[in-house]
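These notes concern the structure reproduced below.
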Amino acid sequence: MMGINLFQILNGLTFAALIFIVASGFTLIFGLLRIVNLAHGALYLVGGLAGYSAAKASGSFVVGALAAMALVAALGAVLDRGLLSFVRGVELRQVLLTLGVAFLLNDISLVIWGGDTFSVPVPEALRGAMWIGGGMYPKYRIFVLILGLLVFAALWLLLNKTRLGALIRAGVDDPEMVEAMGINIQRVFLGTFMLGAALAGLGGGVGGAFLTLYPSADAEILVFSLAVVIIGGRGSLVGAALGALLVGLLNAIGQVMFPELAYFVIFGPMAVLLAFRPLGLFGRAA
Amino acid sequence: MVLLALAVLPAFLPSYQVSVITQVLIFSVLAMSIDILAGFAGRTSLGHGAIFGVSSYVAIYWTSTLGGDIWIGIALGILAATALAGVFAALAIRTSGVYFLLLTLALGMIVWGVCLRWTAVTGGENGLRGVGRPVFIADHASFYYAVLIVVAPLTWLMWRLVHSPFGLTLRGIRDSESRMRSLGYNVPLHLFVAFVLSGFFAGVAGGLYVLFNNFVSPSTVQLSQSVSALLMAITGGVGTLLGSFVGAAAIIVLENAVSAYTARWPSVLGIAFVLIMIFAPEGVVGRARLLLARRRFRSSKPNHSGG
């Protein structure tokens, strides 16, 4: 394949890591709470912009990322408790409601930050490039790749190896039973929702440094997250990781080989996959 | 009656209002095309804005870039929309509920991405400008009549469709897919045909929109187009085909009123969506029907307390 080299593969992997961070939050909420949060892309954008402002004001990238996570987690709590509680249990109405919230958040961020493109400032230590396999590669992207791996590991451990993870999984299958055992399942669900939202905020804070933030970024990242979750299957962490890997690599290849039709290169395979497995690679029937 | 009232409207109203009503008629067709799926087959689509917009893109590309005849352009646009609906349908009909919504959303976004990036053909963000309406429908009133002449029989056709045995089968599928399957109905085929027909109607709306607006850009195919059209169908009442007219009128009048004061239309659209989902998910006409049915129920059983 002409033009595909280590550099592009690394681009694909680092992009995959970023969309995994965002999509893992989406799949957490979708898989465990059965809520399709179409405001996830807007949460990413708001998180990124807030992270940008906080990083500018404090001069610290870490403060920016933490502020992004905190703000978006709070927004998630408001969304879950303030609005979604009115339509609990009706899937389609939940989805459409979050869609309305997405429009609202996107428009509000347009009012606050304007229509300009922002780039979250990268800390000194992560600027510049480093030698990898005989070529130079931006340090920051390597950092995102490592962060993506860390998020995957942390989520996997949380869900599979902790009491909280067991509670979440049990709560999905049989909320009444968990409730009867004296556990406040609603609080567990709220926490899950906030964690999922915070991951969107983290994605915004981190992604804002190499994808930049602009008014339609929320829609683009939402589509990538959707593709990841559709390919991976609902609520599967491993599926999301594989989906992100596939989407990231296809995106890198597509941008080099068919720059104008890069979207087709990503979504063509997704379409073919769906023709054979409508529930995605790791999807289970509900 | 309604038709008669619509026919004499331009005689009384200033041209701006006539063009707003023209817009309402065009978007009613789009909203009804969504309702065929959402209300009768139980499949909520978020990709219809893309199908609608592709029809517009093809028609304008044919006339302005290739210099072709506008009517052939519109015919090709409708054909393209129908074909695109076929592709969407083939991918989406095996899913239902939230998955169907997500899939049509993602497919619509692909179309949007292609329209945005494929600058050589679509003009990218700048969009494409058409060659304008033919002379005989150039002014507001005559164009209004032209649209009315198309929309009236089209509405009748859609109404016949959802009240035909085919439409009843769709409703059966909406209520219980497994029952219909065990009764021997070819469920995927019915859904496929319904989606393609729905795409055809959305394509016609896109063709009319070309004549109305003479301009197409990625914002024509983007998600907010699908969303506002779906909101029209929902506001009118899902499953009440003619409610789409009420919904389209409500949303378009709201849009015009809001944009006269503020540029924050997306916020208003978002809030409207949230409020309708919380308070009136069955829509205006749907709610009216519900109340009417309750009243009938009460009056037919006077001794029965509670409704």
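The values are calculated or read from the model by the stated rules, or taken from the named source; none is laboratory data. Here the structure is a predicted model, which means the values were calculated and not measured. Glycine also receives a Cβ, built like all others from the backbone with ideal geometry; neighbour counts cover every protein chain displayed. Heads up: the accessible areas ignore ligands, DNA and RNA and are worked out on the full protein's heavy atoms, side chains in. Shrake-Rupley method; radii C 1.70, N 1.55, O 1.52, S 1.80 Å.
Which one of B:Val221, B:Val196 is closer than 27 Å to B:Ile110 by Cβ, within 13 Å of chain A (Cβ to nearest Cβ) and touching a helix residue (DSSP H, G or I) at 6+ places or on another chain (Cβ under 8 Å)?
Exactly one residue qualifies, and that residue is B:Val221.
So if I check each of B:Leu84, B:Leu25, which one is at pLDDT 90 or above and within 30 Å of A:Val229 (Cα to Cα)?
Step by step, each of B:Leu84, B:Leu25 is checked, and only B:Leu84 is at pLDDT 90 or above and within 30 Å of A:Val229 (Cα to Cα).
Pairs only if they're at least six apart or on different chains, beta carbon under 9 angstrom, first in segment B:205-220 and in contact (Cβ under 8 Å) with a residue 60 or more places away in the chain, second surrounded by 24 or more Cβ atoms within 10 Å (Cβ to Cβ) and part of a strand (DSSP E or B); list them, first residue then second.
Close Cβ pairs (under 9 Å, with a partner that is surrounded by 24 or more Cβ atoms within 10 Å (Cβ to Cβ) and part of a strand (DSSP E or B)) amount to B:Gly206/B:Val216; B:Tyr209/B:Val216; B:Val210/B:Val216.
If the Cβ limit is 7 Å and pairs must be 6+ apart or interchain, which residue in segment A:1-20 that is in a loop (DSSP other than H, G, I, E, B) pairs with which residue that is modelled with pLDDT under 85?
A:Gly3/A:Val256; A:Gly3/A:Met257; A:Ile4/A:Ile253; A:Ile4/A:Val256
Do we have any residue at all in segment B:32-43 that's under 20 Å from the mean Cα position of the chain (by Cα) and outside any helix (DSSP H, G or I)?
Checked segment B:32-43: at least one residue is under 20 Å from the mean Cα position of the chain (by Cα) and outside any helix (DSSP H, G or I).
If you check A:Gly59, A:Gly41, A:Gly76, which single one turns out to be open to solvent by less than 20 Å² (accessible area, probe 1.4 Å) and away from every other protein chain (no Cβ under 14 Å)?
A:Gly76
Do we find that A:Tyr52 is in contact with a Gly (Cβ under 7 Å, 6 or more places away or on another chain), over 30 Å from A:Pro175 (Cα atoms) and not β-branched (Val, Ile, Thr) in this structure?
Against the criterion (in contact with a Gly (Cβ under 7 Å, 6 or more places away or on another chain), over 30 Å from A:Pro175 (Cα atoms) and not β-branched (Val, Ile, Thr)), A:Tyr52 qualifies.
Of A:Ala217, A:Ala197, A:Ala241, which residue is away from chain B (no Cβ under 14 Å), within 13 Å of the chain's Cα centre (by Cα) and either open to solvent by less than 10 Å² (accessible area, probe 1.4 Å) or of a type outside the set (A, V, I, L, M) (or both)?
A:Ala197
Output the residues belonging to segment B:259-281 that are more than 8 Å from chain A (Cβ to nearest Cβ), within 24 Å of B:Gln23 (Cα to Cα) and surrounded by fewer than 17 Cβ atoms within 10 Å (Cβ to Cβ).
Matches in segment B:259-281: B:Ser259, B:Ala260, B:Tyr261, B:Thr262, B:Ala263.
From the residues in segment B:221-233 that are more than 10 Å from the chain's Cα centre (by Cα) and open to solvent by 10 Å² or more (accessible area, probe 1.4 Å), which one is nearest to B:Leu116 (Cα to Cα)?
The residue in question is B:Gln222.
Can you name the number of the only condition in (1) more than 18 Å from the chain's Cα centre (by Cα); (2) part of a helix (DSSP H, G or I); (3) aromatic (Phe, Trp, Tyr) that A:Phe143 fails?
(1)
Has segment B:66-75 got any residue that is open to solvent by less than 10 Å² (accessible area, probe 1.4 Å), on the phi < 0 side of the Ramachandran plot and modelled with pLDDT of 90 or more?
Yes, segment B:66-75 has at least one match.
Can you go through A:Gly182, A:Gly191 and tell me which one is away from every other protein chain (no Cβ under 14 Å), more than 26 Å from B:Pro188 (Cβ to Cβ), more than 16 Å from the chain's Cα centre (by Cα) and outside any helix (DSSP H, G or I)?
Step by step, each of A:Gly182, A:Gly191 is checked, and only A:Gly182 is away from every other protein chain (no Cβ under 14 Å), more than 26 Å from B:Pro188 (Cβ to Cβ), more than 16 Å from the chain's Cα centre (by Cα) and outside any helix (DSSP H, G or I).
Scan segment A:256-268 and give yes if some residue there is open to solvent by 40 Å² or more (accessible area, probe 1.4 Å), more than 9 Å from chain B (Cβ to nearest Cβ), of a type outside the set (Lys, Arg) and within 21 Å of the chain's Cα centre (by Cα), otherwise no.
No, that holds for no residue.
Taking the options B:Ile60, B:Ile110, name whichever one is within 14 Å of chain A (Cβ to nearest Cβ) and either open to solvent by less than 40 Å² (accessible area, probe 1.4 Å) or touching a helix residue (DSSP H, G or I) at 6+ places or on another chain (Cβ under 7 Å) (or both).
On inspection, the qualifying residue turns out to be B:Ile110.
Tally up the residues in segment B:113-132 that are part of a helix (DSSP H, G or I), over 17 Å from B:Ser55 (Cβ atoms) and more than 9 Å from every other protein chain (Cβ to nearest Cβ), please.
Summing the residues that are part of a helix (DSSP H, G or I), over 17 Å from B:Ser55 (Cβ atoms) and more than 9 Å from every other protein chain (Cβ to nearest Cβ) in segment B:113-132 gives 3.
Could you give me the residue pairs with C-beta distances under 8 Å whose first residue belongs to segment B:151-172 and is without any contact (Cβ under 8 Å) to a residue 40 or more places away in the chain, whose second residue is among the β-branched types (Val, Ile, Thr) wherever it lies, and which are 6+ apart or on separate chains?
B:Phe166/B:Val193
Select from segment A:54-65 the residues that are free of Cβ contacts under 8 Å to residues at least 60 places away in the same chain and assigned to a helix (DSSP H, G or I) and list them in ascending order.
Passing the criteria: A:Ala54, A:Ala57, A:Ser58, A:Val63.
Answer yes or no as to whether B:Val246 is closer than 28 Å to B:Ala75 by Cβ, aliphatic (A, V, I, L, M), more than 14 Å from chain A (Cβ to nearest Cβ) and open to solvent by 10 Å² or more (accessible area, probe 1.4 Å).
For B:Val246, the condition - closer than 28 Å to B:Ala75 by Cβ, aliphatic (A, V, I, L, M), more than 14 Å from chain A (Cβ to nearest Cβ) and open to solvent by 10 Å² or more (accessible area, probe 1.4 Å) - is not met.
Could you tell me which residue of segment B:92-102 is most open to solvent (accessible area, probe 1.4 Å), considering only residues that are modelled with pLDDT of 85 or more and more than 7 Å from chain A (Cβ to nearest Cβ)?
If we take residues in segment B:92-102 being modelled with pLDDT of 85 or more and more than 7 Å from chain A (Cβ to nearest Cβ), then B:Ile93 is most open to solvent (accessible area, probe 1.4 Å).
Which condition number in (1) assigned to a helix (DSSP H, G or I); (2) in contact (Cβ under 8 Å) with a residue 24 or more places away in the chain is the one that A:Val120 fails?
Looking at each condition in turn, A:Val120 falls short on (1).
Kindly establish whether A:Val22 is under 11 Å from the mean Cα position of the chain (by Cα) and either closer than 19 Å to A:Ala77 by Cα or open to solvent by 10 Å² or more (accessible area, probe 1.4 Å) (or both).
The answer is yes for A:Val22.
Name the residue, out of B:Arg179, B:Arg160, B:Arg171, that is within 29 Å of B:Leu4 (Cα to Cα), open to solvent by 30 Å² or more (accessible area, probe 1.4 Å) and more than 14 Å from chain A (Cβ to nearest Cβ).
Within the list B:Arg179, B:Arg160, B:Arg171, the selection yields B:Arg160.
Could you please let me know if B:Gly286 is within 14 Å of chain A (Cβ to nearest Cβ), part of a loop (DSSP other than H, G, I, E, B) and in contact (Cβ under 8 Å) with a residue 40 or more places away in the chain?
So B:Gly286 does not fit the description; no.
Listed here are the residues, each with its yes/no results for (1) open to solvent by less than 50 Å² (accessible area, probe 1.4 Å); (2) within 14 Å of chain B (Cβ to nearest Cβ).
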position	(1), (2)
A:Arg88	no, yes
A:Leu92	no, yes
A:Gly100	yes, yes
A:Phe103	yes, yes
A:Arg127	no, no
A:Gly134	no, no
